[in-house]
Amino acid sequence: MFNNQRYITRGIDSEIPFELQLFMWECIDRLPEECDYFQVFRLENLNGIQRITHFSEQPEYHMEYLIPTGNPITAKVYIIDSDTYSTMLLAEEY
């Protein structure tokens, strides 16, 4: 899964810094062989630190990252694999 063409939506392009986009794709690349086609990333400002919570339901997966940054953002991001391509989008674009 997720070994195909990758796309981002306009919302991702305008609201999510490029470095965070790359970080989330890297998280996808490190997933175990058996993973859900629907991955969720919750981005939160934790006292000036970017907290990224990455999870999926089937099989259950949960990982949390803390990244020092000058401008943490709050958003919910989905990465969905369709076997032909993978798309990163904001939750409100779903």
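Consider Asn47 carefully, then state whether it is out of contact with any His (no Cβ under 9 Å at 6 or more places or on another chain) and either under 22 Å from Glu93 (Cα atoms) or in contact (Cβ under 8 Å) with a residue 60 or more places away in the chain (or both).
no
Identify the residue in the stretch 17-45 that is in a loop (DSSP other than H, G, I, E, B) and touching a Ser or Thr at 6+ places or on another chain (Cβ under 9 Å) and, among all such residues, is nearest to Ile73 (Cα to Cα).
Ranking the qualifying residues of the stretch 17-45, first place goes to Pro17.
Suppose we filter the stretch 68-90 for residues that are surrounded by 14 or more Cβ atoms within 10 Å (Cβ to Cβ) and in a strand (DSSP E or B); how many remain?
Of the residues in that region, 12 qualify.
What number of residues within the stretch 1-27 are charged (D, E, K, R) and under 12 Å from the mean Cα position of the chain (by Cα)?
2
Laboratory data are not the source of any read-out in this text; all were calculated from the coordinates shown. Computed from a predicted structure; not experimentally measured. We place every Cβ from the backbone using ideal geometry, glycine too, and count neighbours over all the protein chains shown.
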